1. Filter region 35-49 down to the residues that are charged (D, E, K, R) and assigned to a strand (DSSP E or B), then identify the one that is most open to solvent (accessible area, probe 1.4 Å).
2. I want to confirm something. Restricting to region 64-96 and keeping residues that are over 26 Å from G42 (Cα atoms) and free of Cβ contacts under 8 Å to residues at least 40 places away in the same chain, which single residue is surrounded by the fewest Cβ atoms within 10 Å (Cβ to Cβ)?
3. Would you check if there is a residue in region 24-34 being closer than 23 Å to T114 by Cβ and either in contact (Cβ under 8 Å) with a residue 40 or more places away in the chain or not in a strand (DSSP E or B) (or both)?
4. Does G42 meet the test of being more than 10 Å from the chain's Cα centre (by Cα), farther than 19 Å from S116 by Cβ and not hydroxyl-bearing (S, T, Y)?
5. Restricting to region 97-117, give me the number of residues that are of a type outside the set (S, T, Y), in contact (Cβ under 8 Å) with a residue 60 or more places away in the chain and assigned to a loop (DSSP other than H, G, I, E, B).
6. Being in a loop (DSSP other than H, G, I, E, B) and either of a type in the set (A, V, I, L, M) or open to solvent by less than 60 Å² (accessible area, probe 1.4 Å) (or both) is the filter here, so list the residues in region 50-61 that pass it.
Amino acid sequence: QVQLVESGGGLVQPGGSLTLYCVASGSISPPYAMGWYRQAPGKQREMVATITSGGNTNYADSVKGRFTISRDNAKKTVYLQMNSLKPEDTAVYYCNLEHKIFRYNYWGQGTQVTVSS
């Protein structure tokens, strides 16, 4: 019984920055990984970045060096700092939580990110 709520999406110009937030509520305990996935119209959903409860991160090649994922375990929150945004970053971004032992998965409703001049 976990709910994920994303926020922080919006419209930005190419080269701009944006921070996404995802807060988990309900009964959840470590270890669990959290991550961000995105899907653009006409494209497949793809992993953007993930982070384990211990702080290990993984990024898609397309965002390495530009995006940073972090988390606050006390707040059950994951963040995605996006810099040097490109039009191809335009997509709906979804928050994900996966418990590493019980293997249950939860998804947020998504937040729209649009990069355009």
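The values are calculated or read from the model by the stated rules, or taken from the named source; none is laboratory data. Here the structure is a predicted model, which is why all the values come from computation and not from measurement. Don't worry about glycine lacking a Cβ; one is built from the backbone with ideal geometry, like all the others, and counts go over all protein chains shown. The area values use the complete protein model at the heavy-atom level, side chains included, leaving out ligands, DNA and RNA. Shrake-Rupley method; radii C 1.70, N 1.55, O 1.52, S 1.80 Å.
1. As a first pass, look at region 35-49 and keep what is charged (D, E, K, R): 38, 43, 45-46.
After this cut, where a residue has to be assigned to a strand (DSSP E or B) as well, the list is 38, 46.
Values: R38: 14, E46: 74 Å².
So, considering only residues that are charged (D, E, K, R) and assigned to a strand (DSSP E or B), the one most open to solvent (accessible area, probe 1.4 Å) is E46.
2. Result: A74.
3. Scanning region 24-34, I find no residue that is closer than 23 Å to T114 by Cβ and either in contact (Cβ under 8 Å) with a residue 40 or more places away in the chain or not in a strand (DSSP E or B) (or both), so the answer is no.
4. So G42 does not fit the description; no.
5. Going through region 97-117 one residue at a time, the tally reaches 5.
6. Within region 50-61, the subset in a loop (DSSP other than H, G, I, E, B) is 52-56, 60-61.
Result: T52, S53, G55, A60.
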